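Shown next, in structure tokens, is the structure this report addresses.
Every number here is computed from the coordinates shown, using simple stated rules; none is lab data. Everything numeric here is computed off the predicted structure, so don't read it as measured data. For neighbour counting, all protein chains shown are included, and Cβ atoms are generated from backbone atoms with ideal geometry for every residue, glycine included.
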Amino acid sequence: MSYKLLLDMDGVLDDFVGGASKAHSRTSPYEDDQGHGVFDMEKLWGISTNDFWAKCQGYNFWFWMEKTKEADEIVNLATAYFGVDNIAILTSPSDPDRECVEAKRDWIKKYYPQFSKRIIFGSAKEFLAGPERVLIDDRDRNVEDFRAAGGATVLVPRPWNKENDRSGKVLEVVKLGLAVIMGVSNDIK
Ligand SMILES: [Mg+2]
């Protein structure tokens, strides 16, 4: 057995919140501390789920998503620990947006072609959990379910999750989390 890493995309590698805010011509609901810890942006904006997704869909919405500022370093860190061949991207397809999967695949090929043969689409991420399986994700529920199913996890601290008070320290938290899981205390660069 060897450790395998499942790396989330939205909110970890791509700036979904930025993309959604732009699509709605609104400022991010997380600029206000009151929104912290609430995952669903539409609740903070006071709009319906349908109205939210009506503007967050289609090939261009997903493909032109910007990288998060930590994305490259998260990938570098993950690669140092696991090796590129042991990393897959695990991302939820936006249902029923048929163009989401195609656009996300193209996005990965554009920015991280080293993972283009290991892209897994699915929302029930805990089905891939088990011994020596690690998930890096920004959603509380995904992390909790994956852990309950026997996997190890690192929650990327973001304003919309439980670790929001550490959202300015993404790389430190990811690095420490991986070091604990992999049982190493030395610095990997
Ligand atoms: Mg995510």
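How big, in percent, is the set of alpha carbon pairs in the stretch 73-147 lying more than 20 Å apart?
Values: 972 of 2775 pairs.
Within the stretch 73-147, distances greater than 20 Å cover 35 percent of Cα pairs.
Going from the fewest other Cβ atoms within 10 Å to the most, the residues Ile74, Ile181 appear in the order Ile181, Ile74.
Give me Leu176, Leu6 ranked fewest to most by other Cβ atoms within 10 Å of their Cβ, as a rough exposure proxy.
In order of increasing Cβ crowding within 10 Å: Leu176, Leu6.
Quick one: Met9, Met41, fewest Cβ neighbours within 10 Å first, how do they rank?
Working: Met9 24, Met41 21.
Lowest count first: Met41, Met9.
Report summary: the helix-based calculation at 222 nm, which adds -39500 (n - 2.57) for every DSSP H run with n ≥ 4 and divides by the residues of the chain, gives -11000 deg cm²/dmol. Averaging Cα coordinates gives a centre for the stretch 154-181 and one for the stretch 33-107; these two points are 17 Å apart.
Would you please calculate the Kirkwood hydrodynamic radius of the chain over all C-alpha pairs and express it in Å, rounded to one decimal? This gives a value of 16.9 Å. Taken over the stretch 94-189, lysine pairs spaced eight or more positions apart, or on distinct chains, with alpha carbons under 23 Å apart number 10.
A protection proxy built from the mean count of other Cβ atoms within 10 Å ranks the segments 45-52, 25-32, 91-98, most packed first, as 91-98, 25-32, 45-52. On full extension, the segment bounded by Leu176 and Ala149 gains 7.5 nm, given 0.36 nm per residue less the C-alpha separation.
How high is the relative contact order of the chain? Use alpha-carbon pairs under 8 Å, at least six apart in sequence, and give a whole percent. Please report the intermediate quantities before stating the final value.
On the way: 298 pairs, mean separation 50.7, N = 189.
Across the chain, relative contact order equals 27 percent.
For the peptides 33-39, 135-141, 169-175, what is the packing order when you average, over each peptide's residues, the other Cβ atoms within 10 Å and list the highest mean first? Walk me through the intermediate numbers first.
Values: 33-39: 14.4, 135-141: 21.1, 169-175: 16.7.
The packing order, highest mean first, is 135-141, 169-175, 33-39.
Along its first, second and third principal axes, ordered by size, the stretch 28-137 spans 43, 31, 28 Å in Cα coordinates.
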